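Everything on this sheet refers to the single structure shown next.
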Amino acid sequence: MKVIDFYSLAPILGLSVTIIVVMIQASIKRNHKLAWWISFLGVTATLWSTHLATSYPQQVTPLFLINPSGLWFSSLITVGALVTLILSTDDENTGFKVTEEYYLLLLLSTLGAVVLILASHMASLLLGMELLGISLYAMIAFPEKDPNPLEGAIKYLVLSAAASAMLLFGFALIYAATGDLSYTGIGAKLSSAGIKNPLLVVAGTSMLLASIGFKLSLAPFHMWTPDVYQGAPTPVTNFLATVSKGAMLVALSRFTIDGQLHQYPTFMLCLSVLAIISMLVGNWLALRQQQIKRLLAYSSIAHFGYLLVALVALRQLQESDEIFYSSLEAINFYLTAYIITSLAAFTVIANIGGENDPDMRSFAGLFWRKPVQASTLTVAMLSFAGIPLTAGFLGKFYLITLALNTNLWLLLITLVFGSAIAIYYYLRVIYTMLITSSSDNNYEVPLISSPMWRDALAIILMISVILLGTWPQPFIDFMRHL
Amino acid sequence: MLELTLFYIASTVALFATVLAMTRTNAIHALIYLIVSLLAIAVIFFLIGAPFAAALEIVIYAGAIMVLFVFVIMMLNLGEKGDARERQLLQPHVWLGPAILSLVLLVELLYLISTVEGPASSGSVSPKSVGLALFGPYVIAVELASMLLLSGLVGSYHLGRRYLDRGL
């Protein structure tokens, strides 16, 4: 490895160094405030280093392809980790005693996500996914007293281990067919291998898709989502919803593009089916939810269904190169909008309920009690629903334009239909917050004290959602350069 | 043709042992079958020209990890009841199954070693080439694997500590 490789790998190295420093600090003298500050500085430095690495885009060893769009997503993921870190400062907010291990696991998980995003090889894909997953199991089960997190963690552990085993089996079959493990190598050899050994290739790719679909909680593989979302401490749910899922989607899109999977109609058909089922099931099941974390869990299923539409659009890549860029742009914009909106929503949930937000009724009359938090949640919900002037609207606009240009009528109809259903349950959250005199006041949870920074964080996220929706031109220009 | 037969014998043993491992209700029985399954996979590795991977499979999985499991489970069964259970483990119906399966593998391995040509497939992967690959192009993967172990360690430490604190 050359020195320049180290510059390219700066985000990965930054996180690794932070992990080692936190570990040494914890082993010398336990002090969770100090560990928090080290993690905070380390993650901030990583954010800066993603910017540094943009000057050195290259392939580093067979394992990583450092490119601008990967680095942009890495920085987005790092912001997600930063917000999670800020949300988990004190015990009151998270409902459990935060120790140094928590920060260590958070950093390790973020490292896994960054590896997953920058991976260009099956080995690094698997390592990133496992690093992300294994740290997450422990983070979900972190609160010691409660049985709910443990239940969520065990569900996630068992199903996720099965998914990983399936992924490995898929890799083995693809390797048996092509003799290559790097994305581009697979892309080059898959078509000839597909003629020689069609069964191997089909079985391998479908196992791979099922496993990734599990991690993204796409519809037939979504069973774990609501329980894990509900059981996990709110900051961890936030992390799962933004960092884990976002990184996985980027990995899927990179694999699809570099592995040239878009030229196989069967693969695209599988993706379309997953997308349609996810959009319908996610929105349908979200309708009747009474708990906001469960509601967001189901809505995330639907959102990742929408995102798959942009991937399916790649099937027309042979006909025009335009599609490639517009599809990539749609993924970039929608995912960015989704991650920032989710961060805003979960920040408010963590600020309002702490650990005990069992019910939507605890949000009743929030507008009159905590206007800043309530308006942030309102903006987040409007953005999720895709109402104009928010980031979510432009994201959906991108997807609809793309689906129109590529004649994906069925997907388009499902997308519009799903969004129409979704408006109902998003508006229900806003409506609940507006109710002034609720007859059953006993559901009013004691509000936790709100320091200045809680409101500040909510305001920053709210402004980013609105800015991305009202003045997106700078961001669109930036994306075109990726 | 011969190597194909040997491969099928070893894979049958592996499949059979794994299915038995999954269906046993007693954890010790299951683990013993799992060890047999790992041994069978090691024989397959040896057969397809990866003797180093075969050795690692035995040393690490069957040798270290599985034996650790068996130890821990046996340690948990201390006391009168545990002694009775341990005596039960020495009954022939418990060890006969795994023993027969292992015997098949042993015969196969002895036969393989005694044939002068060694592994039938062309070109075996030497420890040196494994090391060169691991510390050449895949060096970052090795580092990441160590991070993976770290996260497993930290996670299990935290989750296990709640029982230590209660003084179990």
SASA check, A:Lys29, accessible area w/ 1.4 Å probe, all protein chains in place, rounded to nearest 10 Å², comes out at 140 Å²
For the protein assembly as shown, give the percent of accessible area contributed by carbon and sulfur heavy atoms, probe 1.4 Å, rounded to a whole number.
-> 71 percent
Throw me the Rg/Rh for segment A:121-209, computed over C-alpha atoms with Kirkwood Rh, two decimals.
-> 1.16
Choose one answer from B:Ile73, B:Ile140, B:Ile35: the residue with the largest mean-square fluctuation in a GNM of chain B with alpha-carbon springs under 10 Å.
-> B:Ile140
Most positive-pole-ward Cα, A:Ala162, A:Phe239, A:Leu107, against dipole of segment A:99-246 from beta carbon charges = A:Ala162
Using the Karplus curve 6.51 cos²θ - 1.76 cosθ + 1.60 with θ = phi - 60°, work out ³J(HN,Hα) for each residue of segment A:273-279 in order, rounded to whole Hz, and write x for Gly and Pro.
-> 4, 4, 4, 5, 4, 4, 4
Please state the charge dipole magnitude for segment B:2-124, taken about the Cα centre, from unit charges on C-beta atoms (+1 on K and R, -1 on D and E), reported in debye and rounded to the nearest 20.
-> 340 debye
State the Cα centre-to-centre distance between segment B:36-99 and segment A:89-159 in whole Å.
-> 31 Å
Cβ-based net charge around A:Ser375, under 15 Å, with every Lys or Arg adding one and every Asp or Glu removing one | +2
Net charge near A:Ala188, counting Lys/Arg +1 and Asp/Glu -1 over other residues with Cβ under 15 Å of its Cβ?
-> 0
Among B:Ala21, B:Pro51, B:Ala62, flag the residue with its Cα farthest along the positive direction of the charge dipole of segment B:2-124, charges on Cβ as +1 for Lys/Arg and -1 for Asp/Glu.
-> B:Ala21
Can you give the extra length, in nm with one decimal, that the chain gains between B:Arg87 and B:Ile73 once fully stretched, where that is 0.36 nm per residue apart less the Cα-Cα distance?
-> 3.6 nm
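Nearest 500 deg cm²/dmol is fine: what mean residue ellipticity at 222 nm does the protein assembly as shown get from its DSSP H runs of n ≥ 4 alone, each adding -39,500 (n - 2.57), divided by its residue count?
Numbers: 30 runs with 491 residues, N = 650.
Mean residue ellipticity at 222 nm (helix-derived): -25000 deg cm²/dmol.
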Computed over the Cα atoms of segment A:241-379, what is the convex hull's projected area averaged over all directions, in nm²?
-> 8.9 nm²
In whole angstrom, the spacing between the Cα centers of segment A:51-81 and segment A:174-253 equals 20 Å
Report the full-extension gain for the segment A:Phe417 to A:Val158: residue separation times 0.36 nm, less the Cα-Cα distance, to one decimal in nm.
-> 89.9 nm
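Accessible area, 1.4 Å probe, largest first: how do B:Leu4, B:Leu68, A:Leu287, A:Leu411 sort? The partial results should precede the final answer.
On the way: B:Leu4 85, B:Leu68 110, A:Leu287 35, A:Leu411 5 Å².
Ranked from most to least accessible, the order is B:Leu68, B:Leu4, A:Leu287, A:Leu411.
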Label-reachable residues, segment B:130-157, where backbone N falls under 17 Å from a point 7 Å from B:Val59's Cα toward its Cβ = B:130-135
Under 18 Å by backbone N from the virtual spin label 7 Å along Cα-to-Cβ at B:Ala145, the residues of segment A:46-63 are A:61-63
For segment B:2-124, diffusion coefficient by Stokes-Einstein and Kirkwood Rh (Cα), 10 °C, 1.306 mPa s, µm²/s | 103 µm²/s
Over 31 Å (Cα to Cα) - which of A:Lys97/B:Lys81; A:Lys29/A:Lys145; A:Lys145/A:Lys245; A:Lys145/A:Lys293; A:Lys29/B:Lys128; A:Lys155/A:Lys189 fall in this group = A:Lys97/B:Lys81; A:Lys29/B:Lys128; A:Lys155/A:Lys189
Work out the mean other chain Cβ neighbour count within 10 Å for the residues of B:134-140 and drop it here as an integer.
-> 5
Would you mind giving the mean number of other chain beta-carbons within 10 Å of the Cβ of each residue in A:130-141, as a whole number?
-> 5
Residues in segment B:125-168 reached by a label modelled at A:Ile4 [backbone nitrogen below 11 Å; 7 Å Cα→Cβ] | none
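The values are calculated or read from the model by the stated rules, or taken from the named source; none is laboratory data. Please read all numbers here as calculations on a predicted model, not as lab measurements. Neighbour counts are summed over all protein chains in view; Cβ atoms, including those assigned to glycine, are modelled from backbone coordinates with ideal geometry. Areas reflect the complete protein model, heavy atoms only, side chains present, ligands, DNA and RNA absent. Shrake-Rupley method; radii C 1.70, N 1.55, O 1.52, S 1.80 Å.
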